[in-house]
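Participant: Okay, handing you the structure first.
The values are calculated or read from the model by the stated rules, or taken from the named source; none is laboratory data. Everything numeric in this text was worked out from a predicted model, so none of it was measured. For neighbour counting, all protein chains shown are included, and Cβ atoms are generated from backbone atoms with ideal geometry for every residue, glycine included. Remember, those area values only see protein heavy atoms, side chains included, never the ligands or the DNA or RNA. Shrake-Rupley method; radii C 1.70, N 1.55, O 1.52, S 1.80 Å.
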Amino acid sequence: MQMRFDGRLGFPGGLVNLQDTSLEAGLNRELIEELGEAVADFRVERADYRSSHAGSGPHVVAHFYAKRLTLEQLVAVEMGATRAKDHGLEVLGLVRVPLYTLRDGVGGLPAFLENSFIGTAREQLLEAIQDLELVESGSLTARKISLPR
């Protein structure tokens, strides 16, 4: 995830331009602008699509994609993100999501979810964690973390 210019957590993305040949082409362009050239080593594809919802403005629909990266890909993105075109403008930095819960039942992911998120980013995060099986099956509901419907 990323820390946005407004202090809220969200995912990279933006508007599709007329020059973009598809939603995925627009998203891949936005990823390079916000995260840097390391994302050019992989492409977000139609198979990475998760969900859509109506945006706050007229004629705006937000589409959510989630892509599984290797540790090497993630580190490369993190290392190059400060050189991205939009770093310091739209994006203030990347944030790793803790995919664990401490023994106290609060620290880790439950505490992270108390942050301020833009729009439906919190629900999208939980959706991706569940769909990509990034935590043990049932652990989110066992921790009383409400999942998106």
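Participant: Quick check of the Kirkwood formula: for the range 2-132, what is the inverse mean of 1/r over all pairs of different Cα atoms, in Å?
Facilitator: 15.7
Participant: Moving to a separate point now. Per residue, how large is the accessible surface of the chain? Use a 1.4 angstrom probe and give square angstrom.
Facilitator: For the chain, the solvent-accessible area averages 63 Å² per residue.
Participant: Quick one: pull the percent of accessible area on the range 2-132 belonging to carbon and sulfur, 1.4 Å probe, ligands and nucleic acids left out.
Facilitator: Heavy-atom surface of the range 2-132 belonging to carbon and sulfur, 1.4 Å probe: 55 percent.
Participant: Something else about it: Please list the non-local residues whose amide H lies under 5 Å from the amide H of Thr101, H modeled 1.01 Å from N, same-chain partners needing a gap of 5 or more.
Facilitator: Amide H neighbours of Thr101, under 5 Å, 5+ apart: Leu109.
Participant: Counting DSSP beta bridges in the chain, what percent are antiparallel, to the nearest 5?
Facilitator: Antiparallel bridges make up about 85 percent of those DSSP assigns within the chain.
Participant: Add +1 for every Lys or Arg and -1 for every Asp or Glu among the other residues with Cβ under 14 Å from the Cβ of Ser22, and state the total.
Facilitator: Net local charge, Ser22 excluded: -2.
Participant: Still on this structure: If contacts are Cα pairs under 8 angstrom and at least 6 residues apart, what is the relative contact order of the range 2-132 in percent?
Facilitator: Once divided by the residue count of the range 2-132, the mean separation gives 30 percent.
Participant: Then there's this: Looking at the range 36-98, which trypsin sites (Lys or Arg not before Pro) are in a loop (DSSP not H, G, I, E or B) and have at most 15 other Cβ atoms within 10 Å?
Facilitator: When the trypsin sites (Lys or Arg not before Pro) of the range 36-98 are filtered for loop state and at most 15 Cβ neighbours within 10 Å, Arg43, Arg68, Lys85, Arg96 remain.
Participant: Right, next: Please list, in chain and number order, the residues 5+ apart from Arg50 or on another chain whose amide H is under 5 Å from its amide H, with Hs placed from the backbone.
Facilitator: Phe64, Tyr65, Ala66
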